[in-house]
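A.B. asks: Handing you a structure now.
Any read-out appearing in this document is the output of simple, stated calculations on the displayed coordinates, not a laboratory observation. This one's a predicted model, so the numbers in the text were calculated from it and none came from an experiment. Neighbour counts run over all protein chains shown; Cβ positions are idealised from the backbone, glycine included.
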Amino acid sequence: MNIVIAIGLQVIGSFLFASGATLQHLGVKGTFDPAGKTSSNRLTLAGLLRLFLIPKWLLGLLLVFSGAALHLIALSMAPVTVVQPVGILAVPWSVLLAAKIHGHQIPRRIWSAVTVTVIGVVGFTIFSSLFATGEKEFEFNPILVSFIVVCALCALLSFVATKAASWAKAMLWSSVGAIFYGLASGMMKAAINLIQSDDFSLLDWRVLTVVAFMLACYGLGVWMIQQGYASGPAEITVGTMTTVDPFVAVVFGLVVLGEGAGMSVGPTIGMVVSGAVAVYGVVLLSRDHPDAVEERRQAAEEAAEALAAVHALQFDSEGSDGAGDSARDVESSQRRTEG
């Protein structure tokens, strides 16, 4: 009975998360020029602070927190192998909500992308939950190294996001935020392990450092996720978060916390393949989303108009040069005649 209740709570939680993300996306987009190019939007620090004055965005934040609370309750009532895959329902929920709000039809290719993403995440969750059961003694240095590596990777991805194709910007910004969120979850697990052990106190400098890393990751994650909302549709951000976030958290647990100790080659390959499938689904969702297709169409039209204008200028220039040459030829001929 607990498992049935947990699944129900997770279904409701996934809907609340998708609804909250959609409202936050609308709140962020409301701070930009609606006639501007969406993929070029960048949220400033002042813009982020203004979001706390937008009721729609605050309501979205409340719904996201409510969904997270239901997720935690569901995890306390049922295994993660049951609860976690249900959370991916946030992706189709967000697609349906966006279609309802904006009044556009959902193409078949979007549902195909959602299906691929869901299959990949479910497969990854099953492999990680069933086989990631090892343990090892806590070491602080791997946690420090992981934080530095993730910050460097996110800095690189942030730079790539500023130069990427328009359809990929929201996916890249959201990926950076989801990576920070995933690392924050791993840091939270590490802090809990430390506190529960007999070797560390709550005020131990290593515990406080891990908590500081966790808070920093959450803060940076919030910033980057809002950039994702600013530069693309909400469902792309939701799909990216529900895919990348658990991947990073699981990899942190496997590598840093030693939960993958003793895992055989088969489950490892299964996790890699499932993860690749899920990422491919998010890429399809980003590339084939109606907003991305429309923006590419507009960009192609603008490029064609600019090219036509350049050709027109070249033609006028060549015509003017030809007229000048003819006038000079006539004048030269007149001189020869007079001579």
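A.B. asks: On the principal axes of its Cα set, how long, how wide and how thick is the range 2-291? Give whole Å, largest value first.
C.D. replies: 58, 39, 35
A.B. asks: Mind ordering 41-51, 233-243, 183-193 by average Cβ neighbours within 10 Å, highest first?
C.D. replies: 233-243, 183-193, 41-51
A.B. asks: Hey, another quick one. Quick check: residue separation of L72 and W205 times 0.36 nm, minus the Cα distance between them. What number comes out in nm?
C.D. replies: Gain on extension, L72 to W205, equals 45.1 nm.
A.B. asks: Then there is this: Taking the Cβ-Cβ separation of S264 and H311 as r and a Förster radius of 51 Å, what is the calculated FRET efficiency to the nearest 0.05?
C.D. replies: FRET efficiency, S264 to H311: 0.20.
A.B. asks: So what is the relative contact order of the range 2-291, in percent, for Cα pairs below 8 Å that sit 6 or more residues apart?
C.D. replies: 29 percent
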